[in-house]
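Here is the structure we will look at, set down as structure tokens.
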Amino acid sequence: MSLPSVLTLIADRKAGPLKPEAIDVARSLVKGKAPIVLSDGEAVDIPCPTPGPGSASAATIRATLAPYQTDALLLKTRGRRKAVLVADMDSTIVTGETLDEMAALLGIGEQVAAITRASMNGEIDFETSIEQRVALLAGHPASVLEEVWKTVTLTEGARELVCTMRKHNARTALVSGGFTWFTQKVAELCGFNENYGNSLEIVDGKMTGRLDAPVLGPDAKLSHLESLTAERGVQLKAALTTGDGANDIPMLANAGLGLAFHAKPNVKKIIGTQINFANLRAHLFAQGYKAADFVAD
């Protein structure tokens with residue numbers, strides 16, 4: 001009979017393999033059974049009892065494993081595999097911030113980046129920030145979009161995450177506060193079923209400084225999550241969401257498994273399930289997939 005909880009450990013492969021000492025420390029914290037290898041030297045599951053009074057908290061476990069460059073996720077065994085994936089794009093599925101990169105090429109990088117930082121840290125609301133940043137693009141050539149696209153890089157594990165979940169009949173959506181010009185291309189590159197973002201107004205080859213549709217912000221991300229799960233015929237607890245910024249908090253907080261991925265400090269204060277070291281493969285290990293199950297096409 002399986003235990004009701006599991007502690008999943010995932011190492012940052014670039015920092016070295018998962019250390020046996022880290023596994024031993026984790027087992028002692030949760031009174032765990034022998035580890036089940038998900039990926040040799042990278043990830044294990046440690047079956048364990050449901051945490052009770054006096055048990056180490058998830059935050060304590062996470063902090064204890066941090067010196068080993070290892071993420072720790074304490075999860076319920078039941079319902080681990082999710083039927084819906086909703087992912088942020090910038091600094092999550094792709095490594096950079098596409099709007100910031102556009103601005104840098106146009107010579108307004110610091111102005112835009114400062115607004116981006118304030119937004120991602122929750123200092124100003126997302127709708128205001130996107131309107132301010134887009135306004136700074138007014139009059140600039142739309143050809144900059146193509147220039148940025150040449151430099152866009154997928155985060156390690158992005159295709160594996162999307163393709164593996166799709167192989168197991170999950171519905172996958174890229175839902176971004178970035179521009180649909182990029183979300184369409186990234187979604188195709190990764191294999192997402194669908195994508196949503198902000199629509200940038202372009203007239204005569206130049207950006208007008210306006211969006212030509214309502215702002216897709218944190219509330220809209222949550223609405224997409226709710227619609228996607230309803231259409232899939234499942235509850236929110238059957239969804240996995242991932243993102244790094246303040247505009248991702250509502251969808252992270254309301255999904256069955258919301259993972260703050262290399263997230264901003266204010267996000268990590270609210271969302272306790274965090275990936276701070278590993279790549280996007282961690283999202284599959286969190287669901288109990290073994291590396292042998294992964295596909296990338």
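Yes or no: region 274-291 includes at least one residue that is assigned to a loop (DSSP other than H, G, I, E, B), modelled with pLDDT under 95 and under 14 Å from the mean Cα position of the chain (by Cα). Within region 274-291, not a single residue is assigned to a loop (DSSP other than H, G, I, E, B), modelled with pLDDT under 95 and under 14 Å from the mean Cα position of the chain (by Cα). Scanning region 255-273 for residues that are open to solvent by 40 Å² or more (accessible area, probe 1.4 Å) and of a type in the set (A, V, I, L, M) turns up just one, Ile270. Checking each residue in region 147-178 for being in contact with a Gly (Cβ under 8 Å, 6 or more places away or on another chain), of a type in the set (A, V, I, L, M, F, W, C) and surrounded by fewer than 22 Cβ atoms within 10 Å (Cβ to Cβ) picks out Val152, Cys163. Just checking, how many residues over region 92-117 are touching a residue at least 60 places away in the same chain (Cβ under 8 Å) and open to solvent by less than 30 Å² (accessible area, probe 1.4 Å)? Residues that pass the stated criteria total 5. In region 118-140, which residues are within 15 Å of Leu200 (Cα to Cα) and either of a type in the set (Ser, Thr, Tyr) or open to solvent by 60 Å² or more (accessible area, probe 1.4 Å) (or both)? Result: Glu127, Ser129, Glu131, Gln132. Within region 105-130, the residues that satisfy the criterion of being under 20 Å from Ile249 (Cβ atoms) and outside any loop (DSSP other than H, G, I, E, B) are Ile115, Thr116, Arg117, Ala118, Ser119, Met120, Phe126, Glu127, Thr128, Ser129, Ile130. For region 22-40, the set of residues classified as open to solvent by less than 30 Å² (accessible area, probe 1.4 Å) and either part of a loop (DSSP other than H, G, I, E, B) or touching a residue at least 40 places away in the same chain (Cβ under 8 Å) (or both) consists of Ala22, Ala26, Val30, Gly32, Leu38, Ser39, listed by residue number.
Out of all the residues in region 203-213, which are over 27 Å from the mean Cα position of the chain (by Cα), of a type outside the set (S, T, N, Q) and open to solvent by less than 70 Å² (accessible area, probe 1.4 Å)? Correct list: Gly205, Met207, Gly209.
Look at (1) open to solvent by less than 40 Å² (accessible area, probe 1.4 Å); (2) assigned to a loop (DSSP other than H, G, I, E, B) and you find that Ala296 fails only one, number (1). Of a type outside the set (Val, Ile, Thr), in contact with a Ser or Thr (Cβ under 7 Å, 6 or more places away or on another chain), surrounded by fewer than 19 Cβ atoms within 10 Å (Cβ to Cβ) and at pLDDT 95 or above, is that true of Lys19? Considered against the rule, which asks whether it is of a type outside the set (Val, Ile, Thr), in contact with a Ser or Thr (Cβ under 7 Å, 6 or more places away or on another chain), surrounded by fewer than 19 Cβ atoms within 10 Å (Cβ to Cβ) and at pLDDT 95 or above, Lys19 comes out as no.
Of the listed requirements (1) touching a Ser or Thr at 6+ places or on another chain (Cβ under 6 Å); (2) closer than 23 Å to Cys163 by Cβ; (3) surrounded by fewer than 20 Cβ atoms within 10 Å (Cβ to Cβ), Phe182 misses just one: (3). Only strands (runs of 3 or more DSSP E) whose full extent lies in region 131-225 are considered here, and the ones with at least 1 residues that are under 30 Å from Ile275 (Cα atoms) and among the aromatic types (Phe, Trp, Tyr) are 171-179, 194-198. Within region 16-31, restricting attention to residues that are touching a helix residue (DSSP H, G or I) at 6+ places or on another chain (Cβ under 9 Å) and of a type in the set (A, V, I, L, M), which residue is farthest from Ala58 (Cα to Cα)? Per the criteria, the residue is Leu18.
Of all the listed residues (Ser199, Ser223), the sole one being touching a residue at least 12 places away in the same chain (Cβ under 8 Å) and of a type in the set (Ser, Thr, Tyr) is Ser199. Screening region 1-16 for residues that are polar (S, T, N, Q) and open to solvent by less than 40 Å² (accessible area, probe 1.4 Å) and picking the one that is farthest from the chain's Cα centre (by Cα) gives Ser5.
Report whether or not Glu188 is open to solvent by 10 Å² or more (accessible area, probe 1.4 Å), without any contact (Cβ under 8 Å) to a residue 12 or more places away in the chain, acidic (Asp, Glu) and over 20 Å from Thr128 (Cβ atoms). Against the criterion (open to solvent by 10 Å² or more (accessible area, probe 1.4 Å), without any contact (Cβ under 8 Å) to a residue 12 or more places away in the chain, acidic (Asp, Glu) and over 20 Å from Thr128 (Cβ atoms)), Glu188 qualifies. Being in contact with a strand residue (DSSP E or B) (Cβ under 7 Å, 6 or more places away or on another chain) and open to solvent by less than 60 Å² (accessible area, probe 1.4 Å) is a property that does not hold for Asn193.
The values are calculated or read from the model by the stated rules, or taken from the named source; none is laboratory data. In this text, all values refer to a predicted model and were calculated from it rather than measured experimentally. Cβ: placed from backbone, ideal geometry, glycine included. Neighbour counts: every protein chain shown. The protein model used for the area step is the full one, side chains on, heavy atoms only, and it has no ligands, DNA or RNA in it. Shrake-Rupley method; radii C 1.70, N 1.55, O 1.52, S 1.80 Å.
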